[in-house]
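The values are calculated or read from the model by the stated rules, or taken from the named source; none is laboratory data. From a predicted model like this one, the values you see are computed outputs, not experimental measurements. A quick note on method: Cβ atoms are made from the backbone with ideal geometry, for glycine too, and the neighbour counts reach across all protein chains shown.
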Amino acid sequence: MKALKGKAVVVTGGAGFIGSHLCRTLIDQGAKVTAFDNLSSGKIDFIEDLMDDGLKFVQGDIRDTTALEKATRNSEVIFHLAAQTSVPFSMEDAKEDCEVNVVGTLNVLEAAKKAGARLVFSSSCAVYGNPEKRPTPETYPTHPISFYGLSKFIGENYCGFYQENYGLEVVMLRIFNVYGPNGHGVLPDFLNKLRKTPDELEVLGTGRQGRDFVYVSDMVAILLLAATSPVAAGQIFNVGTGTTTSVRELANKIIEFLGLEGVEVSFTGGLAWEGDMDITQADNSKAVNILQWRPQVSLEEGLKKLISSGRY
Ligand SMILES: NC(=O)c1ccc[n+]([C@@H]2O[C@H](COP(=O)([O-])OP(=O)(O)OC[C@H]3O[C@@H](n4cnc5c(N)ncnc54)[C@H](O)[C@@H]3O)[C@@H](O)[C@H]2O)c1
């Protein structure tokens, strides 16, 4: 699929984990790509080589409407990935989280409206909080338990408003746990801890928390489908594999993959951090049926790819 060949595309958060993988694929496909990022958590290293292949990088903040509108002028698609992405940080500084994730998203919507671009918004499974129904479908009531989940939910509502009132084409993705090279979260946390001390591993929480892990290439595939599918506009899609793996199981898998023996695994107990969710598992049938999206990479394959990349 090279539907974006020759098109002007902006990726907010383009120097971040998912954004940098997306920029790479877009450049490979011949799109004219601008990565817009304030480098607060993203790294120029993730995209530096792409600049030789035509990637334009703009260091800017989504709270700066002038810079944002300048960068997005004439764009046909905007992937809005820039965000304050930490749940614990959102519990410490709800205001900053809101300024970036809510006001920033409003600014991106306004820029998309001015440019007449389709917007793909990266929401999160955090909008569900701790749902009783698993796998959780998009129709399940939202009930965020962190400011991060709340700010993503409010962002979705702003997207819906622009869609309804201004005819903007918006696609919302409720993303579960993405992993891969240059990523963050529990997988690199375990891998880095074991690199330092291969005989012990401390797990935050009870280890019974479950996550639906999606490999980053599958994430990029659904971002491209969301940007190009004529039937995607105005829709919300869960992005998960439909399976859940407990953090305890994940620790064991990683230890096995690394070929380590006699590792002492300990659990801090309780909540890993304030606002942490219990078990996440996507009902992905909507993305499968409407977008024909099929996650290709199993957790075992993805783990192998990540470990052999060495970038964690
Ligand atoms: N990785 C996941 O598992 C996951 C799960 C659910 C939702 N998401 C969402 O997907 C998107 C991408 O996530 P990621 O994992 O790549 O995160 P990331 O932190 O690696 O990337 C976010 C990028 O946004 C940039 N950024 C932050 N604030 C900004 C601002 N004010 N202006 C401009 N740029 C800013 C950062 O520098 C970073 O490069 C985020 O919106 C995140 O909330 C990710």
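Some observations on this one:
- Boolean, residue 292 is modelled with pLDDT of 95 or more and on the phi > 0 side of the Ramachandran plot: yes
- Residues in region 149-174 that are in contact with an Asp or Glu (Cβ under 8 Å, 6 or more places away or on another chain) and within 14 Å of the ligand (Cβ to nearest atom): 151, 172, 174.
- When each of 228, 244 is tested for being surrounded by 16 or more Cβ atoms within 10 Å (Cβ to Cβ), within 16 Å of the ligand (Cβ to nearest atom) and modelled with pLDDT of 95 or more, the lone residue that passes is 244.
- Note on region 150-252: enclosed strands (runs of 3 or more DSSP E) holding 3 or more residues that are closer than 25 Å to residue 84 by Cβ are 170-175, 177-179, 213-215, 236-239.
- Scan region 40-76 for residues that are among the small types (Gly, Ala, Ser) and more than 12 Å from residue 11 (Cβ to Cβ) and the total you get is 5.
- For the residues 275, 234, 310, 269, the requirement of being on the phi > 0 side of the Ramachandran plot and more than 22 Å from the chain's Cα centre (by Cα) singles out 269.
- Single residue of region 1-35 satisfying the filter (within 21 Å of residue 63 (Cα to Cα) and of a type in the set (S, T, N, Q)) that is nearest to the ligand (Cβ to nearest atom): 12
- In a residue-by-residue description of region 108-128, the property of being surrounded by fewer than 18 Cβ atoms within 10 Å (Cβ to Cβ), more than 13 Å from the ligand (Cβ to nearest atom), of a type in the set (A, V, I, L, M) and not in a loop (DSSP other than H, G, I, E, B) applies to no position.
- Subset of region 70-102 (residues that are over 30 Å from residue 145 (Cα atoms) and surrounded by 15 or more Cβ atoms within 10 Å (Cβ to Cβ)): 71, 72, 75, 76, 77
- Counted residues, region 175-185 - those being more than 8 Å from the ligand (Cβ to nearest atom) and surrounded by 22 or more Cβ atoms within 10 Å (Cβ to Cβ): 1
- Any hit, region 131-139, residues being touching a Ser or Thr at 6+ places or on another chain (Cβ under 7 Å) and either in a strand (DSSP E or B) or within 16 Å of the ligand (Cβ to nearest atom) (or both): no
- Any hit, region 256-265, residues being away from the ligand (no atom under 14 Å from the Cβ) and β-branched (Val, Ile, Thr): yes
- Apart from one condition, residue 36 fits all of (1) free of Cβ contacts under 8 Å to residues at least 40 places away in the same chain; (2) surrounded by 14 or more Cβ atoms within 10 Å (Cβ to Cβ); the exception is (1).
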